[in-house]
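Worksheet: one structure, shown below.
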Amino acid sequence: MSAHPTLPRSSAMIAPSKTVRTLAAAAAGLVVALAAGGPARADAGEDLARAKGCFVCHDVKHDTIAPSFRDIGRRFAGLKNAKLMLVPIVHTGTRDPVAYHWGTHDMPPEGARQPVTDEEAEALIDYILSLK
């Protein structure tokens, strides 16, 4: 008798969906790119933003119904607490007004868009703050 029993077919692991694999690859690529810096960092950040649906409202260079990532990066450039200010907004939206929010539309609350982990929120903000 084997020390490691075989699992019945019904207990076999199910392969992750294409969306899960895409999000995992984008997040992993962003982590590597953030450590390395340079153009790969921007590509990985943009890929993660695309995977999370950020471009439904935002654009990299142009204001749409939401400010461009570049405009956000410029407004918060040089602020030591920029990341601390922006990461919570990625999680909760702007349902509670904050002094540094501008524009006519609020960012939707967390349940109305793709969920974002703490690590992904930080990576997205790092990407946005790198755009100037």
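The values are calculated or read from the model by the stated rules, or taken from the named source; none is laboratory data. Please read these numbers as outputs of a predicted model, since none were measured by experiment. Backbone-built Cβ (ideal geometry, glycine too); neighbour counts: all protein chains shown. To get the accessible areas, we keep the full protein, side chains included, count just its heavy atoms, and leave off ligands, DNA and RNA. Shrake-Rupley method; radii C 1.70, N 1.55, O 1.52, S 1.80 Å.
Here are the numbers:
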| item | result |
| --- | --- |
| Count of residues meeting criterion [open to solvent by 60 Å² or more (accessible area, probe 1.4 Å) and either of a type outside the set (Lys, Arg) or in contact with a Leu (Cβ under 6 Å, 6 or more places away or on another chain) (or both)] in region 56-69 | 5 |
| Yes/no for Lys61 being at pLDDT 90 or above and under 17 Å from Glu119 (Cα atoms) | no |
| Of residues in region 75-132 being surrounded by 12 or more Cβ atoms within 10 Å (Cβ to Cβ) and small (Gly, Ala, Ser), the one farthest from Glu46 (Cα to Cα) | Gly103 |
